[in-house]
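Here the structure comes first, spelled out in structure tokens, and everything after it is commentary.
The values are calculated or read from the model by the stated rules, or taken from the named source; none is laboratory data. Treat the numbers as computed from the prediction; the structure is a model and nothing was measured. Backbone-built Cβ (ideal geometry, glycine too); neighbour counts: all protein chains shown. Just the protein is used for accessible areas: all its heavy atoms, side chains included, with ligands, DNA and RNA removed. Shrake-Rupley method; radii C 1.70, N 1.55, O 1.52, S 1.80 Å.
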Amino acid sequence: MPELPEVEGVVESLRPFVIDQTIEEVEVSKQLLVSHEAGKAAIIKGCSPEELIRELPGYRITALTRKSKYMYFALQRKNEEALLVGHLGMTGAWFPVETEEAIQEDKFRKHIHVKLRLSGGYWLIYSDIRRFGELRLLQQEADYPPLLQMAPEPFTEEGRQHYLSMSEIAKYRNKPVKGFIMDGHVLSGCGNIYATEALFRMKIHPNRKVARISKSRLNALYDTIVDVLNEGIARGGSSISDYRNVNGGAGSMQHFLQMYGKKMCSTCLTETKQLIIAGRTSTYCPKCQR
Ligand SMILES: [Zn+2]
């Protein structure tokens, strides 16, 4: 599943292809049309595929930014402003290409769901194998309240203060620290891979209760999470399973992971253990992490 560094990589590499481009035409796959008719509304959320096809053309993309794991395409048409918000779900990928055939891997080419024809003469194609991704056309961010409820960006002082104040709230104090740092209301964009790595570096057991970690260690844990996220961004993300950047390529962070998906601890060579915390598999070293 793409996490914050992967989404940042997608946004940065996509930006030169989309800024100042006008959307001229929209195509939606037959599967999405069928899913909407059946009331399942895959990928396109908050409106029908027909509305997206009708509403998007004419808008110019003025900015592309990331907030947590969401992608924000800022749109403008004369005096009208709108926002196209994307989420990659588990297997979403964007490709700026002249033709569908330019998408190298079959599995992505076979699961094209939304195509935007841009004024520069190419297509911005959204492919999603498992269809857990999202695309939402909004007048403004507040039209979809969960966007406003996310914790501030982790790279800001505001993000740190928010995280520390959440650690004092009763409902979080009795939670395992792994679930705490992966909660989007506490910290923005720290998913399973980066949470697993940060806890290993800090030698903190993923099941340790937040209340049993001192404030200074919680502070140090925050620094470590930011370090791990920054390393992930610098390495183009980690390419676990089906994440791809816009060039169809893969990042290299997976080669630098020390605990996520490992059978043995790289420090003490003990066999790792696994626990399910907050619905996700947590891998840890029973000897190094306490
Ligand atoms: Zn160990």
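Okay, here's what the table says:
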| read-out | value |
| --- | --- |
| Contacts under 9 angstrom Cβ, first residue in segment 272-290 being of a type in the set (Gly, Ala, Ser), partner open to solvent by 100 Å² or more (accessible area, probe 1.4 Å) and within 16 Å of the ligand (Cβ to nearest atom), 6 or more apart | 282/273; 282/274 |
| Only one of 234, 220 that is over 18 Å from the mean Cα position of the chain (by Cα), of a type in the set (A, V, I, L, M) and surrounded by fewer than 22 Cβ atoms within 10 Å (Cβ to Cβ) | 220 |
| Residue 108 vs. criteria assigned to a helix (DSSP H, G or I) and open to solvent by 40 Å² or more (accessible area, probe 1.4 Å) | no |
| Members of segment 1-48 that are outside any helix (DSSP H, G or I), closer than 29 Å to residue 153 by Cβ and charged (D, E, K, R) | 3, 20, 45 |
| Enumeration of residues in segment 262-290 that are more than 15 Å from the ligand (Cβ to nearest atom) and either part of a loop (DSSP other than H, G, I, E, B) or in contact with a Leu (Cβ under 7 Å, 6 or more places away or on another chain) (or both) | 278, 279 |
| Filter result for residue 26 (open to solvent by less than 60 Å² (accessible area, probe 1.4 Å) and under 20 Å from the mean Cα position of the chain (by Cα)) | no |
| Residue in segment 63-77 that is among the charged types (D, E, K, R) and open to solvent by 70 Å² or more (accessible area, probe 1.4 Å) present | no |
| Among (1) open to solvent by less than 30 Å² (accessible area, probe 1.4 Å); (2) not assigned by TED's automatic domain parsing to the domain that holds residue 279, the one test that residue 119 misses | (1) |
| First in segment 253-270 and closer than 17 Å to residue 192 by Cβ and assigned by TED's automatic domain parsing to the domain that holds residue 204, second anywhere and polar (S, T, N, Q) and outside any loop (DSSP other than H, G, I, E, B), Cβ under 6 Å, 6 or more apart | 259/196; 259/283; 260/196 |
| Subset of segment 182-208 [outside any helix (DSSP H, G or I) and without any contact (Cβ under 8 Å) to a residue 40 or more places away in the chain] | 185, 186, 187 |
| Selected residue [of a type in the set (Gly, Ala, Ser), outside the structural domain of residue 189 (by TED's automatic domain parsing) and in contact with a Lys or Arg (Cβ under 6 Å, 6 or more places away or on another chain)] from 63, 42, 38 | 42 |
